[in-house]
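Nothing in this text is a laboratory measurement; each read-out follows from the coordinates by a stated rule. Remember, predicted model here, so these are calculated numbers, not experimental data. Note that we place each Cβ from the backbone using ideal geometry, even for glycine, and neighbour counts take in every protein chain shown.
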Amino acid sequence: MVRSALARHPFARLAFSRLAQGVVVLFGALLVCFALSAATGDPADALTVGQIGADSAQIDALRDHLGYGDPFLTRLGDFFAHALQADFGSSYRTGGDALGAVLAALPNTLLLVACALTLAISLAIVLALISVMHRNRAADRSIRGALALVQGVPDFWLAVMLVLLFSVTLGWLPAIGFDGPRSLILPTLALAIPVLPTFVRLMRGNLLDVMKLDFVTSVRAKGLGERDVVLRHAVRNALPPLITFTALQVGWLVGGTIIVETIFAWPGIGNLAVDAVKARDVGVVQAVVAVTALSYVLLNLVADLLVAAADPRIRMVPA
Amino acid sequence: MLRRSTYEESFPSTLTRARFLQASATAVAALSGAQILGGCGSTGSGAAGDAPAGGPPQRPTGTFRFPLEGATTGFDPAYSGALLSDYVVVHAIFDRLVAFDPAFTRLVPSLATGWEQSEDAREFTITLRDGVRFHDGEPLDAAALKATLQYMSTAAGAISGLLLPPRYDTLELVDALRLRVVTPAPQPDFIRNQAFLSVMSPKAIKAGGEALKRRPIGTGAYRFARRAGNGGALVVANNDYWGDGPYFEQIDFEVIADAGARINALLTRQVGMAYRLPPTQVQRVAGASGTRTVSGDVWSGVYVAFVCNKPPFDDVRVRRACAHAVDKEALIRAIARGQGRVADTFSPKGVLGYAPPAVRYEHDLEAARALMAAAGHADGFSAVMCVSTAQYLQPQLAQAVAGQLEQIGIRARVEVVDPIVQSRALLDPAQKAYDMFPTDWTWLTGGPLLQQAGTVQSASRYDGRDLTAPLAAMSVTPDGPRRDAAFAAFEGAFSRQVPILPLFQSIYNDGLQQDVGGYEETPKNGYGPNFFPMYTAA
Amino acid sequence: MTRATSALPRPLRLPGLRRRTLPRPGAALWRGNGALRWGVLLLASLLVASAVGMLVLGDPNEQQLADAFAPAGTAGHLAGADPLGRDVLAWCARGLWTSLTVSFAVATLGALIGTAVGVVAGYAGGIVDSVLMRLVDLSLALPPLLLFIAASVVVAPRPATLVVLLTFVAWIPYARLVRAHVLTERERPYIAAARLAGTPAWRICLRHLVPAASTAIIVLFTLQLGYVLLWESGLSFLGLGLQPPHVSLGYMIAQGRDYLASAWWITTIPGLVIVALMLSFNLIGDGLRDAFQLDVEEAVHER
């Protein structure tokens, strides 16, 4: 009965299959994250570092005491059992909940990513529009040229330059930390600018493609001007691929904010994760990977469903 | 027989004279060093070293923001010495029995107003200050000190194991404020080590458990308020502090792991201070308006430890060849930007335990090559150095040393690894992968701490009797001519065998906001500032 | 989503016959294509300059501590010297070559693995396709930098490990791209004919499907070369990239980051080299894409 119901509602079928796929991916991500944290070590290593005279027997005793001495498969089973209940243990440094620490830092990173993406998308749409409407003329060439140059700049170099210029030399903006809206500006720029060329290229390509389609010809035939054609009709149809691409970028950005968070001492999960790996805070590392993977899966799911809802043709394509 | 030795006589007379000479030499060297580099900016107007004009405020005011290099892991003083981030916070919350004077030449009273020590250094009587209370209201008395000493001796933490005897024969409460300690073996540095050990509240010790790590209770000028989510901490002023200070309403310790970000934060006035600036950034901070630098020789040095229990560095000729091949002056100029002094001994100058070396190895490539040939390595060999980026001045220093060793045929490859991996490899006696470990060590107490801890043997795997015998002797000999002889014997053997190559003694530079006062010289124990006298000038 | 077809008509294919799949690189490809010309020109001049530099300038790893931080323009150090006195220009000349080698290796390995995965997934369909695509999703779901940092704890950074790590990130776009092409291509009659004729699956994949996607692979390849370069400098910043004696641009850029205010040449000059390299790759990639009228990015993100 369910099957026939699903057969009648392709959208539901799509949603269901995407959900199932997401669960599989999540499962795999948890497996990898456990294996990784097992390979990098455990708090016993970190706590005994520099301890002159600490022999391996002592370290092993400490490891058992902390609960990392069991065989791999036992710990794996334990890990999954707890992870499914959203329990990643505690951070040996704070004594607090590992997942709690991650969830406390996550909003800061999400805020940063949201601002960066908003800026990047808005700028990309504007630049792509200008580029398309002045195709192959001076404005188009200079935009594409500038973006080609920007694309080659390492992102940490850009971040350091921004701080040097706007913070240290001019003193307009804070250099580190998250003390209010003004702290957002430089990190957002540092994240948005490197991805801007790709967004612009994608948007521009989509716009050009859409403008070749038949319906645009018919709209033009109605007598609408070029500007109206582009703004009102082409953009709306060129957006769906951008949504999918953006969802991809979000997943990348949330994990890829490490460099920017390091330079700006931003209290997000990038900093938290790097710190936890270095200190062998296993619970926190596992929680970060799990949360990142989950957010990627969810965001892609949402993006897919949005696109499918908007475009009836997509729902017909088998997963 | 109890010999009364007051705090002025904590150091034997021979050392006092040497210390005077060394102190004046330091002053001259520092001045000339500053002029050569311009690093400390002593010639500029608004000079980088000048203290602010205003004095401390009447009442604690403002928030002082201090950046930590890494997240804190806990505030139990028995364990907190291993990590600088932990120790800096602990240092603000607790007092110690004794302290060093600002010039770090002698011990002065802190929580202890007087102390006596027997001639055989087994019996100590400590007199405590009256009227001091812990942050939880408990009074400071002999019982509290006894509880602290007992707890620290049994705690498995790295620091307390180094600084205290594992057990006591007697811990006797002579009266409310006097404690008598008798140890089974002589403890020549017992009093000196108290300059590093915090006195904890007995109520907290009795409660025990996680609270000791999470909610520290001391007698210091600042109380613990809370730990921040990303590893920082907040401490607030203790208005009932028995001594001078505090002058800040609160100190906000925040984690800024990246050194460049810390300096940027200092330059944009987002933090009040940046501790231990990289030498290449000193000029930048000193030259900026609104910030100044403070520097000082510290009881810390940079070394290269050889792995002496396997070829090729098991041959002393090879080690001596390396000692001749390395141009320490060039290293100080290029890598440390002048912030160092050539060292030829294990113990830095100014630390009790320093004695002149028996042999000095001049930079002499011919001699080095001759020694290599004599050892059968005329064609050279390959070697691997192990460093981590978390170490001071690394990996540039390791690469520079490798470049110098190349000139005598040693093709040294520098492998950069994770700090924990490096530390583990350094102390693993059986490891085979690495031949040299560049490292830096800090003497936290001004006494022969690292000699007694067996650092030389464990880092270099050298266990010849010419080294181990004086090391054992100096651990159980009270201060005096016999102990000095043990120091001399050790440094003599050390310089002849070169199990570890000393490169230079470090000069630390700290950056401050121009209006922050009460901090005129980097503490010699190299382990973080003392916040109690610090203030923001009005 | 639309995809324009290739500009040149496809000849009739008979199973087993080797067909020429790349559109003949005629003069038309080159003449009208400014981007391609400029890109190739730029890349060629960079390579020539690098070769000349490696011959004329000395060993980039040679330290001269006395020359540490020599400014750009001093005698013997046209582009200045780094904190250990190594010549920046010599470093850039050699580093361009090393960085290109690493990029090439990573992009090639990524292309091989990704293409294999994409072809198998696209042709086999069904459960195999599902599993492989979930593998792709998994690789995207895990934050790569974090994995690199964790991996660096276990293994020291050597060129081989770096190539392996970067390949983990590099193969993904190929898989999706090739799969998208294969999905379209396998519906064509000549594939059905080949199957009927008894051609084994691997032969079909290798002889027909892969070449059908080859133009897209090439375009993606040129674009990826640049991204790998940037990845490497990002890793160097975190201390995970190539270390001396391996000469990499990323190392010099990361090292000079602390001295941007005082010794700008240490970061900026290798940085400009990377910008130039990236520019040339992008021009070439754009030119090829325009010539073959392909839309690479869309296909890469189609699920």
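With 5 Å bins beginning at zero, the pair-distance distribution over Cα atoms of segment B:211-314 amounts to 2, 10, 14, 13, 14, 16, 12, 8, 5, 4, 2, 1, 0 %. When chain C is modelled as a GNM with alpha-carbon springs shorter than 10 Å, which of C:L235, C:L283, C:L78 fluctuates the most? Checking each option, the largest mean-square fluctuation is seen for C:L78. For the protein assembly as shown, the spread of Cα coordinates along the three principal axes comes to 109, 71, 61 Å, biggest extent given first. The phi torsions of segment C:138-151, fed into the Karplus equation with coefficients 6.51, -1.76 and 1.60 and a -60° offset, translate into couplings of 4, 5, 7, 6, 8, x, x, 4, 4, 5, 5, 4, 5, 5 Hz, rounded to whole numbers, with Gly and Pro shown as x. How much of the calculated P(r) for segment B:362-467 lies past 19 Å, in percent of all Cα pairs? Within segment B:362-467, distances greater than 19 Å cover 56 percent of Cα pairs. Taken about its Cα centre, chain C carries a charge dipole of roughly 1640 debye when the Cβ of each Lys and Arg holds +1 and the Cβ of each Asp and Glu holds -1. With the convex hull drawn over the C-alpha atoms of segment A:1-160, the volume per residue is 225 Å³.
Per residue, the convex hull spanned by the Cα atoms of segment C:210-298 measures out at 118 cubic angstrom.
Note on B:M372, B:M273: ascending count of other Cβ atoms within 10 Å places them as B:M273, B:M372, the fewest first. Segment C:126-179: percent of C-alpha pairs farther apart than 13 Å? Here the tail beyond 13 Å accounts for 63 percent of pairs.
Here the contact order of segment B:297-507, divided by its residue count and restricted to Cα pairs under 8 Å and six or more residues apart, works out to 40 percent. Seen from A:V168, the other residues with C-beta closer than 12 Å to its C-beta sum to a net charge of +2, counting Lys and Arg as +1 and Asp and Glu as -1.
Ellipsoid semi-axes for segment B:75-144, based on the Cα gyration tensor and the rule √(5λ), read 22, 18, 13 Å when sorted largest first.
Segment B:297-507 has equivalent-ellipsoid semi-axes of 25, 19, 17 Å, by the square roots of 5 times the alpha carbon gyration tensor eigenvalues, sorted largest first. How would you classify chain C from its alpha-carbon gyration tensor, with a ≥ b ≥ c the square roots of the eigenvalues: rounded for a/c under 1.5, else prolate if a/b is greater than b/c, otherwise oblate? The shape class here is prolate. The count of lysine pairs in chain B whose Cα atoms are under 26 Å apart, excluding pairs fewer than 8 places apart on the same chain, comes to 9. Just add up the charged neighbours of B:D327: K/R +1, D/E -1, any other residue whose Cβ is under 12 Å from the Cβ of B:D327. That sum, taken over residues with Cβ under 12 Å, equals -1.
Using DSSP H assignments, which helices in chain B have an axial alpha-carbon span of 27 Å or above and a mean Kyte-Doolittle hydropathy of 0.5 or higher? Helix filter hits for chain B: B:13-37.
With N the number of residues in segment B:420-513, Rg(Cα) / (2.2 N^0.38 Å) evaluates to 1.23.
Counted by neighbouring Cβ atoms within 10 Å, the residues B:K328, B:K432, A:K278 run from fewest to most as B:K432, A:K278, B:K328. Mean residue ellipticity at 222 nm, helices only, the protein assembly as shown: -16500 deg cm²/dmol; runs of at least 4 DSSP H residues each add -39,500 (n - 2.57), and the sum is divided by the number of residues. Counting only Cα atoms, the size of segment B:65-105 along its three principal axes is 32, 23, 16 Å, in decreasing order. With the biggest extent put first, the Cα atoms of segment B:100-223 measure 39, 31, 30 Å across the principal axes. By the Cα gyration tensor, chain B has an equivalent ellipsoid whose semi-axes, rounded to whole angstrom, run 37, 29, 21 from largest to smallest. Going by Cα centres, segment B:164-207 and segment B:434-485 are how many Å apart? Segment B:164-207 and segment B:434-485 have Cα centres spaced 24 Å from each other.
Exposure proxy check: B:M534, A:M211, B:M200, C:M54 ranked by fewest other beta carbons within 10 Å?
So the ranking, lowest neighbour count to highest, is C:M54, A:M211, B:M534, B:M200.
Normalised by 2.2 N^0.38 Å, where N is the number of residues, the alpha-carbon radius of gyration of segment A:22-102 equals 1.22.
Between segment B:52-85 and segment A:182-201, the alpha-carbon centres lie 35 Å apart. For segment B:503-519, backbone phi angles converted through the Karplus equation (6.51, -1.76, 1.60; θ = phi - 60°) give residue-by-residue couplings of 9, 7, 8, 8, 10, 8, 10, 10, x, 9, 5, 4, 8, 8, x, x, 9 Hz, Gly and Pro being listed as x.
For segment C:56-95 versus segment C:186-256, the spacing of their alpha-carbon centroids is 34 Å. Within the shell of other residues whose beta carbon sits under 14 angstrom from the beta carbon of B:D76, the net charge comes to +3, with Lys and Arg scored +1 and Asp and Glu -1. The Rg/Rh ratio of segment C:102-251, with both radii computed over alpha carbons and Rh defined as the Kirkwood radius, is 1.07.
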